[in-house]
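The values are calculated or read from the model by the stated rules, or taken from the named source; none is laboratory data. Note that this is a predicted model, so its numbers are computed, not measured. Here the Cβ is made from the backbone with ideal geometry for all residues, glycine too, and neighbour counts use every protein chain on show.
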Amino acid sequence: MDRNRPINLTRQLAAGSLLGLIVLGLLWELWLAPIRPGGSLLALKVLPLCIPLAGILKNKLYTYRWVSLMVWLYFTEGVVRAWSDRPPSNWLAMVEVALCLSLFVACALHVKLRFKGLPAQEPVKEPLQEPAQQPTKEPAA
């Protein structure tokens, strides 16, 4: 099996989940179940999700690491709204929770696989140096 295949799968899952969260957030707050008729400014919650999109698409390892932490904010919102909102908003919140979980798993696996594939670094060994010899004083004649 190709070593890069699992890495590519986690990359695609992360990008798809992130794009899914962005699209879901916009559709949810503007058309499907907005808090106010005609949409609300709560749709702006997807803007922070747009920031890591470029890093995920460019396969930046650091982006995967911090997205796996940021996604828990959206997970929390999804759990709260799944519990407190009425249909159809609570169903959309459950979809948000599922997308957050898939994004977290994809990011965590991606980071793990990328670190696993890195060559092991051996500690740098300094060559032994001879102690500097002090000049000897010759007895005065």
Residues satisfying the stated conditions in the stretch 58-70, i.e. part of a loop (DSSP other than H, G, I, E, B) and either within 8 Å of the chain's Cα centre (by Cα) or charged (D, E, K, R) (or both): LYS58, LYS60
Test: residue in the stretch 50-68 that is in contact with a helix residue (DSSP H, G or I) (Cβ under 8 Å, 6 or more places away or on another chain), in contact (Cβ under 8 Å) with a residue 24 or more places away in the chain, surrounded by 15 or more Cβ atoms within 10 Å (Cβ to Cβ) and under 19 Å from LEU92 (Cα atoms): no
The lone exception for MET94 - which of (1) in contact with a Ser or Thr (Cβ under 9 Å, 6 or more places away or on another chain); (2) modelled with pLDDT of 95 or more it fails: (1)
All positions within the stretch 80-90 that are hydrophobic (A, V, I, L, M, F, W, C) and either touching a residue at least 40 places away in the same chain (Cβ under 8 Å) or loosely packed, with under 15 Cβ neighbours inside 10 Å (or both): VAL80, TRP83
Checklist (1) modelled with pLDDT of 95 or more; (2) among the small types (Gly, Ala, Ser); (3) part of a loop (DSSP other than H, G, I, E, B) applied to GLY55, failing item: (3)
Matching residues in the stretch 1-50 - criterion: being of a type in the set (S, T, N, Q) and in a helix (DSSP H, G or I): ASN4, ASN8, THR10, GLN12, SER17
Long-range neighbours under 7 Å by Cβ, at least six apart or interchain, first residue touching a residue at least 24 places away in the same chain (Cβ under 8 Å) within the stretch 100-115, second of a type in the set (Lys, Arg): HIS110/ARG11; VAL111/ARG65
